[in-house]
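Below is one structure, written out as structure tokens, with a few remarks after it.
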Amino acid sequence: MKNIKLKLARVEKDLSQEELATLVGVSRQTIGLIEAGKYNPSLNLCIKICKVLSRTLNDLFWDEETIE
């Protein structure tokens, strides 16, 4: 499942995938895979992404539809 919320938050901060990747210490490909829903990041990486984008884990990574 694509992570549209992550992509929107990144674009709102005017960051490219490359810039976000550099800020959190991963490759651009990793950010691309997370946004595409093809990679499940570690909790530590999720927290780093949230801090850079000024969002919470719930804002970016919680999907209520998958819980039900």
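Filtering region 1-40 to residues that are out of contact with any helix residue (DSSP H, G or I) (no Cβ under 6 Å at 6 or more places or on another chain) and under 14 Å from R55 (Cβ atoms) leaves I4, L8, V11, E12, L15, I34.
A quick yes/no check of all residues on (1) touching a Phe, Trp or Tyr at 6+ places or on another chain (Cβ under 6 Å); (2) touching a residue at least 60 places away in the same chain (Cβ under 8 Å); (3) among the polar types (S, T, N, Q):
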| residue | (1), (2), (3) |
| --- | --- |
| K2 | no, no, no |
| Q17 | no, no, yes |
| V24 | no, no, no |
| Q29 | no, no, yes |
| G32 | no, no, no |
| A36 | no, no, no |
| C46 | yes, no, no |
| R55 | no, no, no |
| L60 | no, no, no |
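Highlighted here are the helices (runs of 4 or more DSSP H) found entirely within the chain that include at least 3 residues which are surrounded by 12 or more Cβ atoms within 10 Å (Cβ to Cβ), at pLDDT 95 or above and within 9 Å of the chain's Cα centre (by Cα): 4-12, 28-36, 43-53.
The values are calculated or read from the model by the stated rules, or taken from the named source; none is laboratory data. Everything quoted here is computed from the prediction, not taken from an experiment. Cβ: placed from backbone, ideal geometry, glycine included. Neighbour counts: every protein chain shown.
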